[in-house]
1. What residue, among those in region A:107-138 that are open to solvent by 60 Å² or more (accessible area, probe 1.4 Å) and within 16 Å of ligand 2 (Cβ to nearest atom), is nearest to the other protein chains (Cβ to nearest Cβ)?
2. Taking the condition within 14 Å of chain A (Cβ to nearest Cβ), without any contact (Cβ under 8 Å) to a residue 12 or more places away in the chain and part of a helix (DSSP H, G or I), does B:Arg34 pass?
3. Return a yes/no flag: does region B:230-241 have any residue that is of a type in the set (A, V, I, L, M, F, W, C) and surrounded by fewer than 22 Cβ atoms within 10 Å (Cβ to Cβ).
4. Do the conditions hold for B:Phe283, that is, is it of a type in the set (A, V, I, L, M, F, W, C), part of a loop (DSSP other than H, G, I, E, B) and farther than 26 Å from B:Glu224 by Cα?
5. Filter region A:112-146 down to residues that are acidic (Asp, Glu), within 12 Å of ligand 1 (Cβ to nearest atom) and touching a strand residue (DSSP E or B) at 6+ places or on another chain (Cβ under 7 Å), then give me how many there are.
6. Go through (1) within 24 Å of B:Leu12 (Cβ to Cβ); (2) of a type outside the set (Asp, Glu); (3) in contact (Cβ under 8 Å) with a residue 60 or more places away in the chain for B:Val87 and report which single condition fails.
7. Is one or more of the residues making up region B:30-46 surrounded by 15 or more Cβ atoms within 10 Å (Cβ to Cβ) and more than 21 Å from B:Ile216 (Cβ to Cβ)?
8. Somewhere in region A:68-86, is a residue surrounded by 10 or more Cβ atoms within 10 Å (Cβ to Cβ), of a type in the set (Phe, Trp, Tyr) and more than 16 Å from ligand 2 (Cβ to nearest atom)?
Amino acid sequence: MTEIQQKNISILTAITAIGQGFATTFKHLFRKPITEQYPEEKRELPARSRARIVLTRDPDGRERCVACYLCSAVCPVSCISMQSAEKPDGRRYAAWFRINFGRCIYCGLCEEACPTSAIQLTPDFENCRRDILTLVYEKEDLQVDHGGKDAAYNFYEYAGVATDEGPKGSHEKESPPVNVRSNMP
Amino acid sequence: MTLWISGYILLLVKFGLVLGCLLFLAAYLVWAERKLLARLQIRYGPNRAGKFGLLQPIADAVKMITKEDIIPAEADQSIFLLAPTVVAATALLMFAVVPFGESLAIMGQRIPLVITDLNVGLLFIFALSSLGVYGVALGGWASNSKYSLLGGIRGAAQMISYELALGLSLVPVVMLAGSFSLVDIVNAQSGYPYILVQPVSFAVFFISAMAESKRIPFDLPEAENELGAGYHTEYSGMRFGLFFIGEYVHIQVLGALTAVFFLGGWHGPFLPPFVWLLVKMIFIALVMIWIRGTLPRLRYDQLMALGWKVLVPVSLVNIIVTGAVILMVG
Ligand code: SF4
Ligand code: SF4
């Protein structure tokens, strides 16, 4: 092929390519738009979408959070704060628990760090406020009365901590404690 | 004396009408562009303000006017303030020579349906479009920002290059019509529109006109992904609005000029002349929106190569061929 013929072919392909482009956009003109009309049309979000945070309860309806501070430590923007306390039965709990949603970036790290599945993110993302101070949520605002995504999990059944649930050694997958004062096997 | 006064009043009335129509159309052209562009991309476009988003231009206008007019501290104040007006004014003034109908006869007086029938109308248009470059270049320079400056320089280079092709592409039209006056050019097309005899000229004119108005695929002066917003990066509020109005009035002017030079202006069957001009203008504007929705932006070297190596030579050859044909036929 001579150079001129090659050039002619490349011009031809260029023109057909442009023509195809125009045809494509023209065809789109008669298609139904795929936009979701948001406030009217709300899509069901996946259960693991990350938005407003809740504190869940175990299957018996007791608070799951043991105030271990792990979520607060892992939070990249330090928006979780709490004060731990202990009940007479040996269970730890948060005396107060506060999340400042004005700072939260909904990264989900707190949920990943939590050993008790207490703190969980929910798909409810519509939380805009005029007053930023109303975005500071206290424990009462955060607590819900269900187990969230991990409904069956009960931390104290596995924890190895003596509570009213039973002494040490009585938990699931736990062997009785070793008597350190004896050498007997 | 009375004749003089009535002529004056008439001029003002025409002025007001054309200006009102142009600005109104500019506002709704923005709406049409957003809507059509959205449909080309399978979206809805504005649909919140009023039915089909028809009140969107009004909402935009209110927003623009009430926004703060920010002048950068390091900007060259007076030039910065003046540049947007240059862009808008030159675009609006171009419409002064576009005829939108045959002359009317009211109360024995002949009223030409054009603001002013300059015998060098075409040169007037070129002069104004060259002046428009100043708005872009000075606006970019006066902002004292790198992005704006680069945008302004690109704008100047692009518009000067394509002005040449624009001018040359219209020489055959002038040769055919034998006049620089837009009224005469339209009258010369009463039989057939020039697009039939000058398709090459039409193509060159249309491409360079799009480049003149800085539309995609020729929007290098405001290339968003490289320059922020190019020459109007630093502008806000109604001054930005003026750039915007200038751009959309320019689209209408180009539509009108394309109609005048190649599509027979206001000539057309059945409908009144004014409506025909409007229909042609809007049709051209819609085609430009379609082009915007389809083509990607050119690279800078491609832009220059297209202007200097393709459009200018093609229009020069076209002039020679047209001249030869006119010589042989006439
Ligand atoms: S989602 Fe991220 S930012 Fe928000 S509270 Fe949890 S760890 Fe902190
Ligand atoms: S929510 Fe989870 S991680 Fe945070 S303090 Fe309570 S138990 Fe620990």
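The values are calculated or read from the model by the stated rules, or taken from the named source; none is laboratory data. Bear in mind the structure is a predicted one, so any value in this text is a computation, not a measurement. Here the Cβ is made from the backbone with ideal geometry for all residues, glycine too, and neighbour counts use every protein chain on show. Please note that ligands, DNA and RNA were not included when accessible areas were found on the heavy atoms of the full protein model with its side chains. Shrake-Rupley method; radii C 1.70, N 1.55, O 1.52, S 1.80 Å.
1. The residue in question is A:Leu109.
2. For B:Arg34, the condition - within 14 Å of chain A (Cβ to nearest Cβ), without any contact (Cβ under 8 Å) to a residue 12 or more places away in the chain and part of a helix (DSSP H, G or I) - is not met.
3. The answer is yes; a qualifying residue exists.
4. no
5. Adding up the residues that qualify gives 0.
6. Against the list (1) within 24 Å of B:Leu12 (Cβ to Cβ); (2) of a type outside the set (Asp, Glu); (3) in contact (Cβ under 8 Å) with a residue 60 or more places away in the chain, B:Val87 comes up short only on (1).
7. no
8. No.
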